[in-house]
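Take a look at the structure set out below.
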Amino acid sequence: MLKVGLTGGIASGKSVVGEMLAGLGAHVIQADRIAHQLMQPGEAVYAEVVRHFGTGILNPDGRVDRGRLAEAAFTQSSEGHSRIEELNQIVHPAVLREQEAWMNEIGRRDPAAIAVVEAALILEAGAAHQFDRLVAVTCRPQQRMRRWARRLHVDEESARREVDRRSAAQLPDEEKIRAADYVIDNSGGLEETQKQVKELFVKLQREAVAQS
């Protein structure tokens, strides 16, 4: 079984590449969805997040409002720094445990499987060691802003500010690319990205079989 980390900056197209890999036969999970599950009421991570960030991040039904949490984590404090690292220290260890358990379960069911974890902060969380291969997705900065604007239905200036704010908590693309075994350039059209992903999948298949 081959463990693959799929990473890249905000709005680079990680999810698109992940969906393409899943369509080709890879097992794919998003670290963001794991984090979302861990922040449901009754979970230990939920309790810690509420203890650190207060009940102001909650909806009336007691669930975490992810927009409010992001605002609290990324907004600068009076000392001039954001609290995103505080949030990451709560969430990341639990997410890493869950994704490792998921990959191991995939491997037990299919020794020649390709298990892909899509996560923006693999390198930042010190999780590269969990994977046999790292894939970085990249695109041009202006494309990120346009994609974010379309995704959230906001103007490009608002998108630029949000992309810049979130990108400040991530390593630059250049570092992700240097650390990666493979790079998908998502600057072109979907057909070009699909072509790259198909070529990548063939290589990953060979490596997965070799390790089984």
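Data for the structure
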{"item": "Estimated dipole of the chain in Debye, rounded to 20 [Cβ of Lys and Arg +1, of Asp and Glu -1, Cα centre]", "result": "320"}
{"item": "Cβ-based exposure ranking for 27, 52, 129, 36, in which fewest neighbours within 10 Å come first", "result": "129, 36, 52, 27"}
{"item": "Given charges at Cβ of Lys, Arg, Asp, Glu: the chain dipole, positive-most of 70, 189, 56", "result": "189"}
{"item": "Descending principal axes extents, the stretch 13-100, alpha-carbon based, whole Å", "result": "47, 31, 24"}
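Laboratory data are not the source of any read-out in this text; all were calculated from the coordinates shown. Being a predicted model, the structure only gives us computed values, none of them experimental. As a convention, Cβ positions derive from the backbone with ideal geometry for all residues, glycine included, and neighbour counts pool all protein chains shown.
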